[in-house]
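Notes to accompany the following structure.
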Amino acid sequence: MKMKTALVTGGASGLGKKTAMLLADKGYQLVINYRQSESEANSLAKDLSNHYGTKNIAVQGDVVNKEDCIRLVNETLSTYESVDVLIHNAGPYIHERKTMADYSFGEWDYLIQGNLSAVFYLSKLVIPVMRRNKWGRIITMGYDRVETAPGWVYRSAFAAAKTGLVSLTRTIAIEEAQYGITANMVCPGDITHDWKEKNIKEALDNLHAGNEMQRQGTGEDIARVIAFLIDERSDLITGSVIPVTGGTDVLGKVFKM
């Protein structure tokens with residue numbers, strides 16, 4: 001069987017890195033996209049190639065820019081026959097708390113383009129390849145309760161982009177079902193800092209040590225869900241928005257801050 005290729009945006013660190021590692025373990029060839037983390041991306045690609053004996057590459061590109069998205073896909077297809085799995089992990093975020101009226105035009109455009117338009121750019125470019133193969137998997141990333149289009153104080157642009165992305169994800173799922181392509185959204189809970197690259201075992205060890213009331217979410221939690229969704233036998237799951245929050249009211253906690 002032909003080895004499948006997965007393109008992971010923002011794959012050099014955090015949730016993207018953990019996802020790339022798990023997919024490599026499952027036999028996928030990886031295209032690890034990065035914006036600035038060149039050494040980390042190249043090191044990860046090399047380590048995965050050495051460990052699994054597969055061909056993995058790192059490709060620079062800022063998904064905010066349409067031209068970078070075009071180049072990213074072109075470089076991918078010059079190395080591999082196809083893109084079978086597209087994981088839209090990258091997406092800009094502004095940590096400063098500010099009301100909608102305080103966002104500059106540039107900040108608004110940056111967040112909308114990076115979290116919504118980028119998914120259009122990359123999906124538009126790879127869907128023809130997936131259609132030709134009559135198989136494909138597209139994964140987008142959201143946040144807690146995003147499918148209900150909640151207001152999110154001080155995060156207006158990010159929230160608007162991600163709630164729009166729910167509709168786009170589900171539309172892709174409907175339009176592309178006839179070609180064997182699925183599209184689903186994964187919504188991580190409050191997974192912060194280095195926990196994005198840690199394993200479930202480390203979270204359980206931390207819990208058993210009495211450091212937490214509930215175990216931390218980890219990058220492995222998200223990667224496992226993504227791996228399940230892109231499996232050959234998960235073809236009936238499409239247009240879904242799947243929270244991975246441990247049952248915690250993540251957005252509710254934000255409102256109380």
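Descriptive notes on the structure:
- Mean separation of Cα contacts under 8 Å, 6 or more apart, over the residue count of the chain: relative contact order %: 19
- Cleavage-rule hits, chymotrypsin sites (Phe, Trp or Tyr not before Pro), the stretch 84-135, DSSP coil, Cβ neighbours within 10 Å at most 15: Y93
- For the stretch 86-132, trypsin sites (Lys or Arg not before Pro) meeting the loop criterion (DSSP other than H, G, I, E, B) and having at most 12 other Cβ atoms within 10 Å: R97.
- Taking θ as phi - 60° and the Karplus parameters 6.51, -1.76 and 1.60, the scalar couplings of the stretch 135-145 work out to 6, x, 9, 10, 10, 10, 10, x, 8, 3, 6 Hz in sequence order, x denoting glycine and proline.
- Restricting the stretch 158-224 to GluC sites (Glu not before Pro) that sit in a DSSP loop and have at most 13 other Cβ atoms within 10 Å of their own Cβ leaves E212.
- Surrounding net charge for V244, when Lys and Arg each add one and Asp and Glu each subtract one, Cβ distance under 10 Å: -1
- MRE, 222 nm, helices only [DSSP H, n ≥ 4, -39500 (n - 2.57), over the chain, to nearest 500]: -13500 deg cm²/dmol
- Here the stretch 169-242 is treated with +1 on each Lys and Arg Cβ and -1 on each Asp and Glu Cβ, and its dipole about the Cα centre works out to around 120 debye.
- Interchain or long-range residues, amide H under 5 Å from I242's placed H: M185, V186, C187
- The alpha-carbon of K124 sits under 22 angstrom from the alpha-carbons of these lysines, leaving out residues fewer than 8 places away in its chain: K4, K66, K134, K162.
- Modelled spin-label separation between L236 and S104, with each label point placed 7 Å from Cα along the Cα-to-Cβ direction: 5.1 nm.
Read the figures in this text as sums done on the coordinates, not as results from a lab. Quick caveat, the model's predicted, so the values are computed rather than measured. As a convention, Cβ positions derive from the backbone with ideal geometry for all residues, glycine included, and neighbour counts pool all protein chains shown.
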